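The values are calculated or read from the model by the stated rules, or taken from the named source; none is laboratory data. Keep in mind that what you see is a predicted model, and the values were worked out from it rather than measured. Cβ sites come from the backbone with ideal geometry, for glycine too, and all protein chains shown count toward neighbours. Surface areas here come from the heavy atoms of the whole protein model, side chains and all, with no ligands, DNA or RNA. Shrake-Rupley method; radii C 1.70, N 1.55, O 1.52, S 1.80 Å.
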Amino acid sequence: MNDKVVMPLWTFCLFIVVMNTTMFNVSIPTIIQDLQITADLGSWVISSYSIGYALSTVIYSRLSDLVPIRRLLTVGLITLGLASVFGLFAHNFTALLVTRILQSAGSGSMAGLGLVLASRYVPAERRGAAIAMISAGSAMAFGLGPIVGGLISQYWGWNGLFGVTCLVLLVLPVLLRLLPKEMPRQASFDVPGAALTIINAASLLIAVTGQSLIWLGISMVSFVVHAMHLKRAKSPFINPQLLSMPGYGKLVAIGFCILVLNLGNLFLMPLALANLFHQSALAIGLFIAPGAVFSAFCTRFVGRWIDRYGNMRFLLIGHAIMAVTLLVFALDLSASPAIILLGYLCFSPAFSATMASLNNETSLILPPHWIGSGMGLMQLIQFFGGSVSVAVCGLLLHAQKDLVPGMAYKQVYGVLLAVCLCSLGVLMWYRGSRSRSKVISEGK
C-alpha cells in the first residue's frame with residue numbers, strides 16, 4: 001500500500017466525517033424554527049449522530065479482524081453517502097433524525113478503520129506521521145465545522161449541509177483502487193456482545209444527558225448482563241484480555257480524559273464567545289478556525305518528530321500545553337476574546353500531538369491479532385468521554401446559572417483542568433511502569 005497517497009485521502013474523508021459532527025451546531029436554532037420542534041428534540045440532531053458514530057466506530061474496528069477493510073469501507077461510505085443524498089430532501093424531523101442515524105452508521109468506518117489501516121500497513125518508522133495526520137484532520141474538522149456550517153446554512157439552508165458528506169462517494173472508488181486486498185478470516189463474530197455494547201453505551205449516554213435514573217438503572221442492568229456474557233462467550237466482541245494487558249488500561253484512561261478536554265473545550269468556547277462577548281456564529285467560527293488550521297500545519301512536523309523522538313515526549317509536552325491553556329482560561333477567560341483565540345492556537349496542536357502519540361503508543365503495545373479490537377475499544381471509550389464531557393459541562397453551567405457568567409465558565413474550566421492533571425498523573429504512572437518493565441526485560 002502506498003501510504004503516502006492513501007493516508008492523505010483517508011484524512012480528507014475523515015475530515016468530512018468529523019466536520020459533520022460540528023457543522024450542524026450553528027444550524028440547530030434554524031432547524032428548530034423551520035421544523036417547529038422543541039429544543040430537546042433539536043438536540044438529538046447532534047447527539048444521535050455522536051452516539052451512533054462512537055458505536056459504529058468500534059463495530060467497524062472489531063469487524064476488521066474478520067472482514068477485509070475494502071469491503072467494510074464500501075459498506076460504510078455508501079451508507080454515509082446515500083444517507084446524505086436523502087438528507088438533501090429531508091423536510092420533517094423524522095426524516096432528519098433517520099438521516100442522521102444512518103449517517104452515523106456509515107461514518108464510523110472512517111474513524112474505526114483508519115487507525116487499523118495505519119497500524120496494519122504503515123511501517124513503524126512512518127506510523128507516527130500517518131496517525132498524526134489523521135489526528136490533525138480531526139482537529140481541523142472540529143475547528144472549521146462551525147464556519148462551514150454557518151456559511152452553508154446562511155446561503156443554501158441547513159439541508160445544504162448534507163451536500164458536504166456526499167463528497168465521500170467521489171473518493172470511495174479511488175480508495176478502493178489503492179487499498180490492499182485482504183482475504184476474509186475464518187472466525188466468529190459475537191453478535192450478542194456487539195448488541196450489548198451498543199446498549200451499554202447508548203443507555204449510559206442517555207442517562208447522563210437526560211439525567212434519568214430510569215435509564216441509569218437500565219444501563220447498570222445491561223452492564224451486569226454483559227459481564228455474564230463475557231464469561232460464557234468464546235470470542236467476545238469486547239476482548240476482556242485487553243484490560244488485563246499491561247499498560248492498555250492506563251492508555252484507555254488517558255484517551256478518555258483527552259477527549260473530555262477537547263470536546264468540553266469546543267463546547268465551552270462558542271458559548272463563552274456568544275454569551276460573554278456577543279459574537280455571531282460566523283465570528284465564533286473565525287475565532288476557532290486559526291487553531292484548527294495551525295494544528296493541521298504542525299502535523300507535517302509533529303508526525304516526523306514522534307517517529308524520531310518517541311511517543312512519551314509528545315504525550316508529556318501535549319499534556320503540559322493543554323494544562324497551561326486551561327489554567328489561563330480558568331483564571332482570566334472573560335478578560336478578552338483574544339484569550340480564547342490565542343488559547344486555542346496552543347490547545348489544538350497540543351491535542352493533536354497528544355492523540356497521535358497516544359494512538360501510536362497503543363498500536364505498538366497491541367499484538368497484531370488484537371489491533372482491530374484494541375483500537376476499536378480505545379476509540380469507543382474516547383468518543384464516550386467526549387459525549388459525556390459535553391453533557392456534564394452543560395449541566396455544570398446550568399447549575400451555576402445564577403452566578404456571573406464569566407465566573408461560571410471559569411469554574412467549569414477549572415474542572416477540565418483537574419481532569420487534565422489526572423490524565424497527566426495516569427501518564428506518569430504508565431511511564432514508570434513501562435520503564436520498570438524495560439529494566440526487567442533487559443536484566444533477563
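So, counting K/R as plus one and D/E as minus one, what does the shell of residues with Cβ under 14 Å around Asn92 add up to?
Details: positive: Arg100; negative: Asp34.
That works out to 0.
Kindly provide log₁₀ I(q)/I(0) values, in the same order as q = 0.06, 0.12 Å⁻¹, from the Debye equation applied to equal alpha-carbon scatterers of the chain.
Log-scaled intensity ratios, in q order: -0.23, -1.03.
Label-point separation (nm) for Leu316 and Phe189, each offset 7 Å from Cα along Cα-to-Cβ?
Computed distance between label sites Leu316 and Phe189 equals 4.3 nm.
Over the chain, with every protein chain in place, what whole percent of the accessible area is carbon and sulfur at 1.4 Å, could you tell me?
Details: 13020 of 18830 Å².
C and S atoms contribute 69 percent here.
Read phi for every residue in the range 245-253 and hand back ³J(HN,Hα) as whole Hz from Karplus 6.51 cos²θ - 1.76 cosθ + 1.60, θ = phi - 60°, with x for Gly and Pro.
Here the 3J(HN,Hα) series is 6, x, x, 5, x, 5, 5, 5, 4 Hz.
Output the direction-averaged projected area (hull surface divided by four) of the convex hull of the alpha-carbon atoms of the range 347-406, in nm². Please report the intermediate quantities before stating the final value.
Working: hull surface 21.2 nm².
Projected over every direction and averaged, the Cα hull of the range 347-406 covers 5.3 nm².
Whenever you get a sec, line up Leu395, Leu421, Leu315 from highest to lowest accessible area (probe 1.4 Å, protein heavy atoms). Can you show the working numbers first?
On the way: Leu395 60, Leu421 95, Leu315 0 Å².
Order by accessible area, largest first: Leu421, Leu395, Leu315.
May I ask you to compute the full-extension gain from Leu82 to Lys181, defined as 0.36 nm times their residue separation minus their alpha-carbon distance, rounded to one decimal in nm?
On the way: separation 99, 0.36 × 99 = 35.64 nm, distance 2.47 nm.
Residue separation times 0.36 nm, minus the Cα-Cα distance, leaves 33.2 nm.
How about the range 212-312: which trypsin sites (Lys or Arg not before Pro) there lie in a loop by DSSP and see at most 13 other Cβ atoms within 10 Å? Working shown, then result.
Numbers: sites: Lys231, Arg232, Lys234, Lys250, Arg300, Arg304, Arg308; in loops: Lys234.
Those that pass, being in a loop and sparsely packed, are Lys234.
Just to be sure I understand the model, the point goes 7 Å from the Cα along the line to the Cβ. What's the resulting Trp156 to Val171 distance in nm?
1.6 nm
Per residue, what accessible area does the chain have, given a 1.4 Å probe and all protein chains present, in Å²? Could the numbers behind the result be given before it?
Values: 18830 Å² over 444 residues.
That works out to 42 Å² for each residue.
What is the projected area of the convex hull of the Cα atoms of the range 74-223, averaged over all directions, in nm²?
Details: hull surface 49.1 nm².
Projected area, direction-averaged: 12.3 nm².
Hey, rough spin-label estimate for Ser433 and Glu125, points 7 angstrom out along Cα→Cβ, what's it come to in nanometres?
3.2 nm
Label 7 Å along Cα→Cβ of Leu331; the range 403-417 residues with amide nitrogen under 20 Å?
What the label zone holds, given the 20 Å backbone N cut-off, is 406-417.
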